[in-house]
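Read through the structure below, which is laid out as structure tokens, and then see the notes.
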Amino acid sequence: MHSTRKRRLIGGGITVAVLVAAGLAYAAWTASGTGSGTAKAGAAQALTTNAVAITAGDLYPGTNGDVKLEIVNPNPYPVQVTSVSNGSGSITAAGGIGTCTTTGVTYTNQTGLTINVPANGSQTATLDDAAHMSNASENGCQGATFTIPVSLTGASNAP
């Protein structure tokens, strides 16, 4: 009986010794540390616009009319356009019934917008009542399509 107990103690001791040795071996191979990695941001590309065909005219002397545009986003992230303002250049006309040198058309800056343009994509937007035609518009401007230079302001809209 005494030898059985002794064998158990020896066996248990050997087991504990093996586990301790294994733990030390594991601890000897564990390592940690600190350091740094790098990442580089890309540069934003400018948004552009394309003309959108308009089938029905809603701009007459003394009234406001809608402005339609397609916003193109060449960036690899979505953008939210928050304002569309007067761009550089003059408003021009094409396709009227005659001469339309004096268009009489002005553009009202649009702010507080939420036009979401997908990454590498485009979005068509209608800016309600953003154009105004005065009585200074020449008679030949009837039926004309007006090209209005605009400037876009927005920011990335990534999740």
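The values are calculated or read from the model by the stated rules, or taken from the named source; none is laboratory data. Being a predicted model, the structure only gives us computed values, none of them experimental. Reconstructed Cβ throughout: ideal geometry from the backbone, glycine too, with neighbour counts over all protein chains shown. Just the protein is used for accessible areas: all its heavy atoms, side chains included, with ligands, DNA and RNA removed. Shrake-Rupley method; radii C 1.70, N 1.55, O 1.52, S 1.80 Å.
Please work out if residue 128 is loosely packed, with under 12 Cβ neighbours inside 10 Å and in a strand (DSSP E or B). First the steps, then the outcome.
Working: loosely packed, with under 12 Cβ neighbours inside 10 Å: yes; in a strand (DSSP E or B): yes.
The answer is yes for residue 128.
Looking at the structure I just gave you, is residue 67 assigned to a strand (DSSP E or B) and either more than 30 Å from residue 42 (Cβ to Cβ) or open to solvent by 70 Å² or more (accessible area, probe 1.4 Å) (or both)?
Judged against the criteria, residue 67 is a match.
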Open item on the list: Here are the criteria: (1) under 22 Å from residue 152 (Cβ atoms); (2) open to solvent by 70 Å² or more (accessible area, probe 1.4 Å). Tell me which single one residue 55 does not satisfy.
Closed with: (1)
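Restricting to the range 34-64, count the residues that are outside any loop (DSSP other than H, G, I, E, B) and free of Cβ contacts under 8 Å to residues at least 40 places away in the same chain.
Taking the range 34-64 as the starting set, the residues that turn out to be outside any loop (DSSP other than H, G, I, E, B) are 48-50, 63-64.
Pick out the ones that are also free of Cβ contacts under 8 Å to residues at least 40 places away in the same chain and you get 48.
Result for the range 34-64: 1.
Of the residues that make up the range 75-88, is at least one in a loop (DSSP other than H, G, I, E, B), touching an Asp or Glu at 6+ places or on another chain (Cβ under 8 Å) and crowded, with 18+ Cβ neighbours inside 10 Å?
So the first thing to find is which residues in the range 75-88 are in a loop (DSSP other than H, G, I, E, B), and the list is 75-78, 87-88.
Next, only the ones that are touching an Asp or Glu at 6+ places or on another chain (Cβ under 8 Å) stay: none.
No, the conditions are met nowhere in the range 75-88.
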